[in-house]
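Q: Below you will find the structure I want to go over with you.
Where a number appears in this text, it was derived from the coordinates with a stated rule and is not lab data. Being a predicted model, the structure only gives us computed values, none of them experimental. Here Cβ is always computed from backbone atoms with ideal geometry, including for glycine, and neighbour counts include all displayed protein chains.
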Amino acid sequence: MSLFPMFLKLEGRQCLVVGAGAIAQEKMPSLLEAGGKVKVVAPQVTEPIAALARDGRISLDQREFAESDLDGVFLVIAATSLSDLNRRVFEAARARSILCNAVDDPNNCDFYYGSVVRRGDLQIAISTAGQSPALAQRLRKQLEVQFGPEYTDWIRELAATREDLFAQDIDPQRRKSLLHAVASQEAFDTRHAKREETTHAR
């Protein structure tokens, strides 16, 4: 199956997590980092998830899942240890055209969690369509070495340069060439070398 790769804007959108154990605990941080409004439904809750609820970072209902929990929801994570329940959540979500991921169950997923390298606004996501998360994690570790923390500052600089160039009245093709030049490997290497010289000079 061919997947459509995309990055979702979750800021302010309602996200439902069914389950509040170790599985849900692992899947929840990325939703919160993206600004999603997370609601958790589960009869039993781990202390870290309970703490998030006490801090007001998530809403929590300690009870069994009901299909009405899907009202107004944009995205669902079925993260219980019960495969039958996860499948029921997926089927109910699909009936409402709501995107759902049943954790560790590729056949009951509309999307998969990628293995992600994050360097500020630079994100590199790797997916094996749920076939080998271990391979995706290995590749992520390799990319984390290739794209180090220095990319966090560089992406900010590139954004400022882009904004400045778009504010100027210049030929679009000329602007495109300049944007590609400042984002080139040569430009990065030059910037990195100058920073290294400055650090060693101190």
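Q: Subtract the Cα-Cα distance of Arg118 and Ser83 from 0.36 nm times their separation in residues, and report this length gain in nm to one decimal. Please list the in-between numbers first.
A: Working: separation 35, 0.36 × 35 = 12.60 nm, distance 3.08 nm.
Full extension of this stretch gives 9.5 nm more.
Q: Still on this structure, please answer the following. State, to one decimal in nm², a quarter of the convex hull surface area for the C-alpha atoms of the chain, i.e. the direction-averaged projected area.
A: Details: hull surface 63.5 nm².
Taking the Cα atoms of the chain, their convex hull projects to 15.9 nm² on average.
Q: Under a cut-off of 19 Å between alpha-carbon atoms, report the lysines in cross-link reach of Lys39, not counting same-chain residues fewer than 8 places apart.
A: Lys9, Lys27
Q: Something else now. Would you compute, from DSSP H runs of 4+ residues alone, the mean residue ellipticity of the chain at 222 nm, taking -39500 (n - 2.57) per run and dividing by the full residue count, rounded to the nearest 500? Mind showing how you got there, number by number?
A: Details: 7 runs with 93 residues, N = 202.
Helix contribution divided over all residues of the chain: -14500 deg cm²/dmol.
Q: Report the Stokes-Einstein translational diffusion coefficient (µm² s⁻¹, integer) for the range 48-104, Rh taken as the Kirkwood radius over Cα pairs, at 25 °C with viscosity 0.890 mPa s.
A: Details: Rh = 12.2 Å.
Translational D for this selection: 200 µm²/s.
Q: Taking only Cα atoms of the range 16-80, what ratio of Rg to Rh do you get with Rh as the Kirkwood inverse-distance radius?
A: That ratio equals 0.91.
Q: Rounded to the nearest 0.05, what FRET efficiency do Glu197 and Ala22 have when you use their Cβ-Cβ distance and R0 = 35 Å? Spell out each step's value before the answer.
A: On the way: r = 47 Å, r/R0 = 1.34.
My answer for the efficiency is 0.15.
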